[in-house]
Every structure is written in structure tokens, then in C-alpha cells.
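**Student:** I'd like to ask some things about the structure below.
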Amino acid sequence: QVQLVESGGGLVQPGGSLRLSCVASGDMFSRYGTGWYRQAPGKPREFVAGLTSSSITNYSERVKGRFTISRDNAANTVYLQMNTLKPEDTAVYYCMASLGNNGYWGQGTQVIVSS
């Protein structure tokens with residue numbers, strides 16, 4: 001069982017930056033695939049970025065070139081650096097970790113991009 005706790009959300013102006021963090025409990029975190037998803041009001045949850053246990057990354061076209069996913073296995077933490085934020089990036093951001101058929105979600109952290 002893995003528990004995930006996100007932090008780092010908040011209110012930021014368009015063009016600004018935020019870094020989200022997700023701390024995982026449990027062992028063998030380095031073996032997990034990880035990712036970030038987001039859900040805006042009235043919309044389904046969507047994929048943002050993924051990072052495999054072998055350090056392969058992929059990004060949604062909506063964030064490619066602006067967001068960067070990374071991880072620190074020693075600290076059991078995955079990050080999402082978000083630059084050049086836009087109002088349409090406003091959403092609750094969720095961390096996800098998976099290993100085999102088991103997937104785990106955090107509780108989410110709110111990001112609001114507004115002037």
C-alpha cells in the first residue's frame with residue numbers, strides 16, 4: 001500500500017511558475033511508475049505528465065515545453081515544475097503511482113492561474 005501526499009498548489013498569475021511535490025510512503029518507490037493528472041471544474045480528469053521507473057518521460061501536448069516531471073527516489077518524491085502558467089492550467093492536480101496492476105492516487109492540490 002502506498003499513500004501519496006501532494007503539496008505546492010496555490011494562486012499564481014499568468015506567466016508564473018509553481019512546483020508541485022508528491023511524497024510517497026512505503027518501500028520500493030523507485031520501482032513505481034509515476035504521473036501527474038489534473039481535473040478542471042466540470043471536466044474529466046486528464047493526463048499531464050508521466051515518468052517511468054526507468055526515467056522515461058511523456059507529456060500532454062497541452063503542457064509540453066512548459067512542465068517538467070522529475071523524481072527523487074531517495075526522498076520518495078515526484079515533482080512537477082510548471083512554468084509559463086496559463087489560466088487554462090487551473091485545476092486540481094493529482095499525483096499517481098503504479099506498480100503492476102496496483103495504482104494509487106493522492107488527494108490533490110489546487111492550482112489557480114488568475115490575475
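The values are calculated or read from the model by the stated rules, or taken from the named source; none is laboratory data. Computed from a prediction, not measured in an experiment: that's the story for all the values here. Cβ: placed from backbone, ideal geometry, glycine included. Neighbour counts: every protein chain shown. For the accessible areas, the whole protein counts, side chains as well, though only heavy atoms, and no ligand, DNA or RNA atoms are used. Shrake-Rupley method; radii C 1.70, N 1.55, O 1.52, S 1.80 Å.
**Student:** Between beta-carbons, use under 15 Å as the cut-off and find the net charge around LEU99, counting Lys and Arg +1, Asp and Glu -1. Let's see the in-between values first.
**Tutor:** Values: positive: ARG31, ARG71; negative: ASP27.
After counting each charged neighbour, the total is +1.
**Student:** Along each of its three principal axes, how wide is the spread of alpha-carbon positions in the stretch 4-115, in whole angstrom units, largest first?
**Tutor:** Dimensions of the stretch 4-115 along the principal axes of its Cα atoms: 41, 26, 23 Å.
**Student:** Run the accessible area of the stretch 30-72 with a 1.4 Å probe and give the carbon-and-sulfur part as a rounded percent. List each step's numbers first, then the result.
**Tutor:** Details: 1150 of 2410 Å².
Roughly 48 percent, rounded to a whole number.
**Student:** If you don't mind, another one. So, by mean Cβ neighbours within 10 angstrom, what's the order for 50-60, 80-90 with the highest one leading?
**Tutor:** On the way: 50-60: 13.7, 80-90: 17.3.
Ranking the peptides 50-60, 80-90 by packing returns 80-90, 50-60.
**Student:** Provide the gained length on full extension for the span SER54 to THR68, in nm with one decimal, where the gain is 0.36 nm per separating residue minus the Cα-Cα distance. Kindly include the intermediate steps, with their values, before the conclusion.
**Tutor:** Details: separation 14, 0.36 × 14 = 5.04 nm, distance 1.61 nm.
Contour length minus Cα-Cα distance gives 3.4 nm.
**Student:** In square angstrom, what is the accessible area per residue of the chain with a 1.4 angstrom probe?
**Tutor:** The answer is 53 Å² per residue.
**Student:** Find the relative contact order for the chain and round it to a whole percent, using C-alpha pairs within less than 8 Å whose residues are 6+ positions apart. Let's see the in-between values first.
**Tutor:** Details: 274 pairs, mean separation 42.2, N = 115.
Rounded, it is 37 percent for the chain.
**Student:** LYS86 to LEU99: extension gain in nm, 0.36 nm per residue of separation minus the Cα-Cα distance?
**Tutor:** Between LYS86 and LEU99, full extension yields an extra 1.5 nm.
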